[in-house]
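Asker: What follows is a structure written as structure tokens; I'll ask about it next.
The values are calculated or read from the model by the stated rules, or taken from the named source; none is laboratory data. In this text, all values refer to a predicted model and were calculated from it rather than measured experimentally. With ideal geometry, Cβ positions are generated from the backbone for all residues, glycine too; neighbour counts draw on all protein chains shown.
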Amino acid sequence: MDTVERPAPRIVVGVDTSDASKAALRWAIRQAEATGATVEAVMAWERPTGWYGWAPAGVGVYDFEGLARKSLDRAVTHALEGVPPQVRIDARTIEGHPAAVLLDQAQDAALLVVGDRGLGTFTRALLGSVCQHCVHHAACPVVVVRAPRE
């Protein structure tokens, strides 16, 4: 009987600079270790725009993707402090709105992990929420990790 080697399941985790996303990354790494999955740490970035889609003056001089890459690398390093990973972690920065990027990256994933900052209901309704959008529209199960309490 031929055996077909299947790729390891993927856990996609949204990363930004918040404590909640760092907690989500740590959770995803532990889950991947328990299940034999790989972790894809994803940070979305966007170029700022002003009125009618025009970029504000001076925006062209910044390397937004490079800044996102540095932030992502710091977050991964921080999540791994004192715990050498037993899993493969792929870190990538992708241009686009965070919710759209995460949903796209999680299309064939086993799991999508996002951090929730724990804002109140009124604030969340007023500002919108990447977390809520992912929970309602993801093609795979979603785990929401709350920000650690101080």
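Asker: Taking the residues in segment 39-69 that are modelled with pLDDT of 85 or more and exposed (fewer than 12 other Cβ atoms within 10 Å of the Cβ) as candidates, determine which candidate is farthest from the chain's Cα centre (by Cα).
Answerer: 63
Asker: Look through segment 13-38, keep the residues that are part of a helix (DSSP H, G or I) and of a type in the set (Val, Ile, Thr), and return whichever of them is surrounded by the most Cβ atoms within 10 Å (Cβ to Cβ). Outline the logic, then answer.
Answerer: Residues of segment 13-38 part of a helix (DSSP H, G or I): 19-35.
Then keep just the ones that are of a type in the set (Val, Ile, Thr); that gives 29, 35.
On the way: 29: 24, 35: 13.
It comes out as 29.
Asker: What are the residues in segment 78-118 that are outside any helix (DSSP H, G or I), among the acidic types (Asp, Glu) and either touching a Pro at 6+ places or on another chain (Cβ under 6 Å) or farther than 14 Å from residue 132 by Cα (or both), if any? Working first, answer last.
Answerer: Taking segment 78-118 as the starting set, the residues that turn out to be outside any helix (DSSP H, G or I) are 80-97, 106-118.
Keeping just the survivors that are among the acidic types (Asp, Glu) gives 81, 90, 95, 108, 116.
Residues satisfying the conditions are 81, 90, 95, 108.
Asker: Please specify each residue of segment 104-117 satisfying the condition of being crowded, with 21+ Cβ neighbours inside 10 Å and under 20 Å from residue 9 (Cα atoms).
Answerer: 106, 109, 111, 112, 113, 114 - these are the residues of segment 104-117 that are crowded, with 21+ Cβ neighbours inside 10 Å and under 20 Å from residue 9 (Cα atoms).
Asker: Something else: Out of everything in segment 100-125 that is modelled with pLDDT of 95 or more and of a type in the set (Gly, Ala, Ser), what residue ends up being farthest from the chain's Cα centre (by Cα)?
Answerer: By that ranking, first place goes to 110.
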